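Read the structure below first, then the notes.
The values are calculated or read from the model by the stated rules, or taken from the named source; none is laboratory data. This structure is a prediction, so every number in the text was calculated from the model and none was measured. Every residue, glycine among them, receives a Cβ derived from its backbone with ideal geometry; neighbour counts consider all protein chains shown. Ligands, DNA and RNA are stripped out before the accessible areas are found, and what is left, the full protein with its side chains, is counted by its heavy atoms. Shrake-Rupley method; radii C 1.70, N 1.55, O 1.52, S 1.80 Å.
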Amino acid sequence: MLKDIEYLASDELAGRGLGTEGLDRAADYIAGQLSDAGLQPCGDGPDDYFQTWTEKIDMPDRDVVTIKNVIGIIPGRNPQFDGQSIVIGAHYDSHGLGWPDCLKGNKGKIHHGADDNASGISVLLEYARLVGKKLQPERTIVFVAFSAEEAGKLGSLHYIKHADKYPASKMMAMINIDTVGQLGQDALTIFGNYSAREWVHIFRGAGYVTGVPIKQSTLDTGNGDEKSFIDAGVPAVHLFSGARDNYHRPTDTVDRIDTAGLVKTAAVLKEAVEYLAARPEPLASTLTAAKESSAPQEKRPRTKRKVVLGTVPAYDYTGKGVKLDGVTTGSPAEKAGLQEGDILVRIGETEIEDLETFSDILKTLQAGNEITIVYMRDNIEHSVT
């Protein structure tokens, strides 16, 4: 897995930016690994691992870009489950030289994307290598390396709309592996377990069997490719090792990768997928979206932040407000004295209900704005301007 990340996050691939040669080379590498692992191609043609299309995108140097998902399968052997699938996904694009959402001072620097998300691709490939030539699942297992996640989940949205052989209406579940490379001593976080009643039990069991500490969150971050599947009515979860101070920065490099954490994540993935592939009945979905719909919600224009506060949220926190896992060195948050464990409850006169409202508030701000942040520390309310 480390060798996968060393290549994908190398200077040679220059951050795997959308529409670049580096991203195309990453796609070729992933396709080669899926082929060597014994997975069958499931792209546009019978011998093609690539699902290829073009999109209109507002980029600095172009407005139309060619995009590729990389897809391989292990066919299911049970004819009663014909057309049904378990989807394992991870995105392989990153921020290239700083697009989109480049933080101030980082434009033109390689955003290596070792954790986000060469790490997820490495776990996906490792599981393919482990089972590709010997597993005979009841249902088909689909491995998808999505492109253009950073540009608005375009790869997963396209896959959902054009998965003709294994349509969304017959997808049993989806597991997204995104940013799993810096686990350390933390528990592996599972987002999206609200999408089916069984998820909490599946991952409780996986944690018990593997010995890997797991924390489950009902929080819907809306940030990952799993969201495209949830919007289409497919129960989906996101495996996540935690937010770090090098997120979406040039410092997201291979030297920060925790290889023991990759092994833990791969072990949990194996237990969950093989349970799902053999389970006789579908999951009890809690989603209201109709799976018969031909597509998830249409993608909406991306509203970008113009400012960075420097807070690192605790994604497993489910109370009111936003709890901090830490702050970025040299950031406004650090200079204001915010620290790990603080719970942000209000900016100005606007209440912070959750991460989504917090993000929406930040998107309304301009560089140079003066704001007052109200936060809780040790159950005492504080404020800072």
- Query: How many residues are among the small types (Gly, Ala, Ser), closer than 13 Å to Ile67 by Cα and assigned to a loop (DSSP other than H, G, I, E, B) if we restrict to the stretch 19-42?
  - Reply: 1
- Query: If you scan the stretch 51-74, which residues turn out to be exposed (fewer than 15 other Cβ atoms within 10 Å of the Cβ) and assigned to a loop (DSSP other than H, G, I, E, B)?
  - Reply: Asp58, Pro60, Asp61, Arg62, Asp63
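Being of a type in the set (Lys, Arg), in a loop (DSSP other than H, G, I, E, B), closer than 27 Å to Gly98 by Cβ and open to solvent by less than 10 Å² (accessible area, probe 1.4 Å) is the requirement here; does Arg16 meet it?
Details: of a type in the set (Lys, Arg): yes; in a loop (DSSP other than H, G, I, E, B): yes; closer than 27 Å to Gly98 by Cβ: yes; open to solvent by less than 10 Å² (accessible area, probe 1.4 Å): yes.
Answer is yes for this residue.
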- Task: Name the residue, out of Gly181, Gly207, that is modelled with pLDDT of 95 or more, surrounded by fewer than 22 Cβ atoms within 10 Å (Cβ to Cβ), farther than 18 Å from Leu23 by Cα and not aliphatic (A, V, I, L, M).
- Result: Gly207
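Name the strands (runs of 3 or more DSSP E) wholly inside the stretch 321-385 in which the number of residues that are closer than 17 Å to Asp245 by Cβ is 1 or more. First the steps, then the outcome.
On the way: elements: 322-327, 343-347, 373-377, 380-384.
Result: 322-327.
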- Note on the structure: Residue pairs within 9 Å by beta carbon, gap of at least six or interchain, first lying in the stretch 1-20 and in contact (Cβ under 8 Å) with a residue 24 or more places away in the chain, second in a loop (DSSP other than H, G, I, E, B) and of a type in the set (Lys, Arg), listed first then second, are Leu8/Arg16; Ala9/Arg16; Gly15/Lys109; Gly19/Arg62
- Message: Would you confirm whether or not the stretch 287-304 contains a residue that is modelled with pLDDT of 80 or more and under 30 Å from His201 (Cα atoms)?
- Response: yes
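Quick one: would you say Lys270 is outside any strand (DSSP E or B) and over 23 Å from His95 (Cβ atoms)? Before the answer, list the steps.
On the way: outside any strand (DSSP E or B): yes; over 23 Å from His95 (Cβ atoms): yes.
Yes: the conditions hold for Lys270.
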- Between residues in the stretch 117-140 that are modelled with pLDDT of 95 or more and hydrophobic (A, V, I, L, M, F, W, C) and residues that are buried (at least 24 other Cβ atoms within 10 Å of the Cβ) and part of a loop (DSSP other than H, G, I, E, B), which pairs lie under 7 Å by C-beta distance while being six or more apart or on different chains? Ala118/Ala9; Ile121/Tyr92; Val123/Val180; Ala128/Leu39
- Message: Step by step: first the residues of the stretch 252-273, then only those that are surrounded by fewer than 17 Cβ atoms within 10 Å (Cβ to Cβ) and more than 19 Å from the chain's Cα centre (by Cα), then the one that is farthest from Gly120 (Cα to Cα). Which residue is that?
- Response: Asp255
- Message: Quick check on this structure: which one of Gly43, Gly17 is small (Gly, Ala, Ser) and either in contact with a Leu (Cβ under 9 Å, 6 or more places away or on another chain) or within 23 Å of His248 (Cα to Cα) (or both)?
- Response: Gly17
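From Ala26, Ala114, grab the single residue that is buried (at least 22 other Cβ atoms within 10 Å of the Cβ) and in contact with a Ser or Thr (Cβ under 7 Å, 6 or more places away or on another chain).
Working: Ala26 fails: in contact with a Ser or Thr (Cβ under 7 Å, 6 or more places away or on another chain).
Within the list Ala26, Ala114, the selection yields Ala114.
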- Can you name the condition, by its number, that Leu125 falls short on among (1) touching a Phe, Trp or Tyr at 6+ places or on another chain (Cβ under 6 Å); (2) open to solvent by less than 10 Å² (accessible area, probe 1.4 Å); (3) more than 30 Å from Thr328 (Cα to Cα)? (1)
- Task: Out of Ser147, Ser94, report the one residue that is closer than 20 Å to Pro250 by Cβ, of a type in the set (Ser, Thr, Tyr) and either surrounded by fewer than 24 Cβ atoms within 10 Å (Cβ to Cβ) or within 19 Å of the chain's Cα centre (by Cα) (or both).
- Result: Ser94
- Single unsatisfied condition, Arg249 versus (1) closer than 30 Å to Cys102 by Cβ; (2) touching a strand residue (DSSP E or B) at 6+ places or on another chain (Cβ under 8 Å): (2)
